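Novice: My questions all concern the structure below.
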Amino acid sequence: MGITKLADLIRLGAPGAISLKDISDYSGKVIALDTSIVVNQFRAATPTLSPLTGLFFRTLTLLEHDIKPVFVFDGKPPGEKTAVLEKRAEAAGWRSTNRTGTASLQTQDCVQLLKLLGVPVIQATGDAEALCAQLVKAGTADAVASEDMDTLPFGATTLIRQLNAKRDSEVTEYSLPKLLEKLQISHKEFVDLCILLGCDYCDKIAGLGPKRALTLIQQHRTIENVVLHVNRVTHPVPQFWKYKEARTIFLDAPQTSDPELTWKEPDEEALVRFLCHVKYVKEDRIRRRMEKFRQMREGRREEREKERAAGHCRQTRMEDFFRVTRKRKQSVEAADSLSSNKKKPKSK
């Protein structure tokens, strides 16, 4: 679910925080992907087929655009998320939910596929979106790609939606700093706003719409103060409301050590053995797609050689693309130093 109607609120209240871009704009960028979102997209689109095929094609397309994907998998979900997970399982017709964080057979297959494709795979201790946000905040990744909006309250400065690589499709990018500046609230106040809108970790105040929730946060700054001023007849506050627990999940998500990320050449023969001989995907589909990948790679290499000869080289060679580990802590610290000198939103 993510955050209820947050995208609508941003579009109406802070349109300047949204940018429409092309997938080519992310060439050379490290993008953290919430893998469950990607897999569920393919499951919904082709319920009779394995999502492995879609994941295979999607990953190669990202690599063809010189995007460096990092796939993050969910760990053990917080106990506060149980009710939401049960509703999702019921709606999808699943017998049970994964409350332990133990990798399912499908997850194990996805991990094996991605490793054969040569892209980094990270296992989160909790929700994947929280770790994706951490990677962006640490400067390890440039943006999070997810259809759920809750990476923003987790602190991801840049969120990308519709990164589906379809021809003529626009990618929607959300900037958290621009959003906070426009709404004139702090990140902590934004987290309280998201809880009021409706999140995965607790109930919400009934009948409270997005505009009213924003106005209340702008006026009163915290949920505690909002509760004192809201009309409890028209907007009853949930009994035993666990908004403090939800706030803690967003603001104090478990931190992991900064991973070293490397990208390697896809192993075509191993991919054929896994997808075709084990998962029974037609071999000619895999071979044709790998041939197209090689052709696209060679074409981009030739483009770079021409740019280099003309003195306009903007990126490393394709060989370096697969070898380089991105670490940008110093640049991020410098950016933080500059941003700290700017005027911050007032909080009361």
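Novice: Pairs please, first residue from the stretch 282-301 and over 13 Å from Asp66 (Cα atoms) and at pLDDT 95 or above, second anywhere and open to solvent by 70 Å² or more (accessible area, probe 1.4 Å) and part of a helix (DSSP H, G or I), Cβ atoms under 9 Å, 6+ apart in sequence or on different chains.
Specialist: Going by the 9 Å Cβ cut-off, the qualifying pairs are Glu283/His277.
Novice: Among the residues in the stretch 321-330, are any at pLDDT below 95, β-branched (Val, Ile, Thr), closer than 25 Å to Ala141 by Cβ and part of a helix (DSSP H, G or I)?
Specialist: Applying the first criterion (at pLDDT below 95) to the stretch 321-330 yields 321-330.
From what is left, the residues that are β-branched (Val, Ile, Thr) are 324-325.
Subsequent filtering for residues that are closer than 25 Å to Ala141 by Cβ retains 324-325.
Imposing the further condition that a residue be part of a helix (DSSP H, G or I) reduces the set to none.
No, the stretch 321-330 contains no residue that is at pLDDT below 95, β-branched (Val, Ile, Thr), closer than 25 Å to Ala141 by Cβ and part of a helix (DSSP H, G or I).
Novice: Then there is this: Within the stretch 273-282, track down each residue that is open to solvent by 70 Å² or more (accessible area, probe 1.4 Å) and either in a helix (DSSP H, G or I) or more than 30 Å from Ser50 (Cβ to Cβ) (or both).
Specialist: Start the filter on the stretch 273-282 by keeping residues that are open to solvent by 70 Å² or more (accessible area, probe 1.4 Å), which leaves 273, 277-280, 282.
Residues satisfying the conditions are Arg273, His277, Val278.
Novice: So, one more: State all residues of the stretch 157-189 that are open to solvent by less than 10 Å² (accessible area, probe 1.4 Å), closer than 18 Å to Lys21 by Cα and either touching an Asp or Glu at 6+ places or on another chain (Cβ under 9 Å) or assigned to a loop (DSSP other than H, G, I, E, B) (or both); if no residue qualifies, say none.
Specialist: Answer for the stretch 157-189, where residues must be open to solvent by less than 10 Å² (accessible area, probe 1.4 Å), closer than 18 Å to Lys21 by Cα and either touching an Asp or Glu at 6+ places or on another chain (Cβ under 9 Å) or assigned to a loop (DSSP other than H, G, I, E, B) (or both): Leu159, Ile160, Val171.
Novice: Could you tell me whether the stretch 254-272 includes any residue that is surrounded by 14 or more Cβ atoms within 10 Å (Cβ to Cβ), part of a helix (DSSP H, G or I) and of a type in the set (Phe, Trp, Tyr)?
Specialist: no
Novice: With the requirement that a residue be buried (at least 24 other Cβ atoms within 10 Å of the Cβ) and assigned to a loop (DSSP other than H, G, I, E, B), what does the stretch 146-156 give you?
Specialist: Ser146, Leu152, Pro153, Phe154, Ala156
Novice: Select from the stretch 1-26 the residues that are more than 30 Å from Thr215 (Cα to Cα) and open to solvent by less than 20 Å² (accessible area, probe 1.4 Å) and list them in ascending order.
Specialist: Correct list: Ile23, Tyr26.
Novice: Okay, next question. Which of the residues belonging to the stretch 109-129 are over 18 Å from Thr82 (Cα atoms) and not in a loop (DSSP other than H, G, I, E, B)? Outline the logic, then answer.
Specialist: Restricting attention to the stretch 109-129, the residues satisfying the condition of being over 18 Å from Thr82 (Cα atoms) are 109-123.
Asp109, Cys110, Val111, Gln112, Leu113, Leu114, Lys115, Leu116, Val121, Ile122, Gln123, listed by residue number.
Novice: In addition: Considering only residues that are part of a loop (DSSP other than H, G, I, E, B) and open to solvent by 60 Å² or more (accessible area, probe 1.4 Å), which ones fall in the stretch 208-235? First the steps, then the outcome.
Specialist: Restricting attention to the stretch 208-235, the residues satisfying the condition of being part of a loop (DSSP other than H, G, I, E, B) are 208-209, 221-222, 230-235.
Scanning the stretch 208-235 gives Asn231, Arg232, Val233, Thr234.
Novice: Condition check: in a helix (DSSP H, G or I), at pLDDT 90 or above and either of a type in the set (Phe, Trp, Tyr) or farther than 18 Å from Asp142 by Cβ (or both). Does Phe57 satisfy that?
Specialist: On the way: in a helix (DSSP H, G or I): yes; at pLDDT 90 or above: yes; either of a type in the set (Phe, Trp, Tyr) or farther than 18 Å from Asp142 by Cβ (or both): yes.
Yes: the conditions hold for Phe57.
Novice: Quickly run through the stretch 190-207 and pick out the residues that are assigned to a loop (DSSP other than H, G, I, E, B) and open to solvent by less than 10 Å² (accessible area, probe 1.4 Å).
Specialist: Initially, the stretch 190-207 is screened for residues assigned to a loop (DSSP other than H, G, I, E, B), giving 198-207.
Listed by number, the residues that qualify are Gly198, Cys199, Asp200, Tyr201, Ile205.
Novice: Name the single residue that is least open to solvent (accessible area, probe 1.4 Å) among those in the stretch 86-108 being assigned to a helix (DSSP H, G or I) and modelled with pLDDT under 85. Before you say what the answer is, go through the steps one by one.
Specialist: Taking the stretch 86-108 first, the residues assigned to a helix (DSSP H, G or I) are 86-92, 105-108.
Checking which are modelled with pLDDT under 85 leaves us with 86-92.
Working: Glu86: 83, Lys87: 149, Arg88: 77, Ala89: 5, Glu90: 148, Ala91: 93, Ala92: 54 Å².
That would be Ala89.
The values are calculated or read from the model by the stated rules, or taken from the named source; none is laboratory data. Note that the structure is a prediction, hence the values are computed from the model and not measured. As a convention, Cβ positions derive from the backbone with ideal geometry for all residues, glycine included, and neighbour counts pool all protein chains shown. To get the accessible areas, we keep the full protein, side chains included, count just its heavy atoms, and leave off ligands, DNA and RNA. Shrake-Rupley method; radii C 1.70, N 1.55, O 1.52, S 1.80 Å.
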